[in-house]
Amino acid sequence: MFYLQKESEFSEEYKDVAFIIGSPDFFGAKTEDDDKINVLIMCIAYKDIETGYIEKNKKIVVRMKIYEKELDYYKKIIKRESIVKLKVRYEKEQGEELAEFLLADIIDNNYKDEDLNKMLKEYLTPIYYNDEVLGSFLYNRMVGSFDKEIEWVNNKKILAAFDDSNESDKNKAASFLRDVFFNKEEFDKKVKDYSARKIIREGNNISSKSGGNIIDEEVFIKQFMGKMDFVEIIVHEKDDYVNYRLGNKNVFKMDIIVEGNLSGNLFNAFISPF
């Protein structure tokens, strides 16, 4: 996702294009070969100023490669849920589902355009899925899901979300989240214990093969259970797939992703840098 194509993969021509910046707006990740970060600016739609062509049905990404200290500057200039006019280079081979651009310059960060203003207004109109137990889930157009914060154990809140699909599937996802909510103490322990055991066993296996030290499994699990927090539950109901995220940046810089299904089964856990 964060791979920055070679500049040769973008056309040499610079074009003025207006973009509706989405929310979330920026994603970034460091590369291993230098101290810059690859940044993706997520957009809802774009309009080619020269031709007047408007695209709103693809995933739209504006890319740039910058120093990490510059990220706050760009976030102040290019604000989420706004219309901006940028000078960009088109990717030479635009895909059927994805349109990518390489940023060259910011022309106007408060651009006015009647067509795009109408689209932005429509985008900002809230859409809800209402559940009698969990309450209202707000539709997030950028990722195509309904989400909300729900109360969790130890007076914490976590993000719960499910995909935008047909009513039957959405009801199935909401039913699953209700079951999780009613059994959150048990579920919190189940997911944490599963992920802790899988991670420590894989780590010890790798360490033993290289002649390294073995960490006491039960000690690790106890510490993991006490320090790692539930962050989110993302339900992909059509695929019968559930993604759980655990994390605590004060303890460990990277998060833990746990995979399961809508039957409550867990089948994988791994460390994720994102």
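The values are calculated or read from the model by the stated rules, or taken from the named source; none is laboratory data. Quantities reported herein were computed from a predicted structural model and do not represent experimental measurements. Backbone-built Cβ (ideal geometry, glycine too); neighbour counts: all protein chains shown. Protein only, heavy atoms only, side chains kept; ligands, DNA and RNA dropped before computing areas. Shrake-Rupley method; radii C 1.70, N 1.55, O 1.52, S 1.80 Å.
Looking only at region 125-138, decide whether some residue is assigned to a strand (DSSP E or B), in contact with a Phe, Trp or Tyr (Cβ under 6 Å, 6 or more places away or on another chain) and in contact (Cβ under 8 Å) with a residue 24 or more places away in the chain. Checked region 125-138: at least one residue is assigned to a strand (DSSP E or B), in contact with a Phe, Trp or Tyr (Cβ under 6 Å, 6 or more places away or on another chain) and in contact (Cβ under 8 Å) with a residue 24 or more places away in the chain. Residues considered: Lys79, Lys87. Of these, the only one that is at pLDDT 90 or above, part of a strand (DSSP E or B) and over 17 Å from Glu9 (Cβ atoms) is Lys87.
Scanning region 41-58 for residues that are part of a loop (DSSP other than H, G, I, E, B) and not basic (Lys, Arg) turns up Ile49, Glu50, Thr51, Gly52, Tyr53, Asn57.
Kindly indicate whether Lys253 is assigned to a strand (DSSP E or B) and either at pLDDT below 90 or surrounded by fewer than 15 Cβ atoms within 10 Å (Cβ to Cβ) (or both). So Lys253 fits the description; yes.
Condition check ((1) in contact with a Gly (Cβ under 9 Å, 6 or more places away or on another chain); (2) more than 17 Å from Phe146 (Cβ to Cβ)) across all residues:
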position	(1), (2)
Asp216	no, yes
Ile221	no, yes
Asp229	yes, yes
His236	no, no
Asp239	no, no
Val242	yes, no
Leu246	no, yes
Asn250	no, yes
Ser263	no, yes
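Going through region 50-105 one residue at a time, which ones are of a type in the set (Val, Ile, Thr) and closer than 21 Å to Asp35 by Cα? Of everything in region 50-105, those that are of a type in the set (Val, Ile, Thr) and closer than 21 Å to Asp35 by Cα turn out to be Val62, Ile66.
Tell me whether region 107-114 contains one or more residues that are of a type in the set (A, V, I, L, M) and either open to solvent by less than 40 Å² (accessible area, probe 1.4 Å) or within 25 Å of Glu232 (Cβ to Cβ) (or both). Scanning region 107-114 turns up no residue that is of a type in the set (A, V, I, L, M) and either open to solvent by less than 40 Å² (accessible area, probe 1.4 Å) or within 25 Å of Glu232 (Cβ to Cβ) (or both).
Of the candidates Val258, Val242, Val235, Val191, the single residue that is in contact with a strand residue (DSSP E or B) (Cβ under 9 Å, 6 or more places away or on another chain), open to solvent by less than 30 Å² (accessible area, probe 1.4 Å), in contact (Cβ under 8 Å) with a residue 12 or more places away in the chain and outside any strand (DSSP E or B) is Val191. Condition check for Glu202 on (1) farther than 28 Å from Asn155 by Cβ; (2) touching a residue at least 12 places away in the same chain (Cβ under 8 Å): one failure, at (2). Residues in region 225-254 that are farther than 16 Å from Trp152 by Cβ and of a type outside the set (S, T, N, Q): His236, Glu237, Lys238, Asp239, Asp240, Tyr241, Lys249, Val251, Phe252, Lys253, Met254. The set of residues in region 194-230 being touching an Asp or Glu at 6+ places or on another chain (Cβ under 7 Å) and either crowded, with 19+ Cβ neighbours inside 10 Å or in a strand (DSSP E or B) (or both) consists of Ile200, Phe230. Within region 115-129, the set of residues being open to solvent by 70 Å² or more (accessible area, probe 1.4 Å), under 23 Å from the mean Cα position of the chain (by Cα) and at pLDDT 95 or above comprises just one member, Tyr128.
Among the residues in region 198-221, are any farther than 30 Å from Asn130 by Cβ, in contact with a strand residue (DSSP E or B) (Cβ under 6 Å, 6 or more places away or on another chain) and not aliphatic (A, V, I, L, M)? The answer is yes; a qualifying residue exists.
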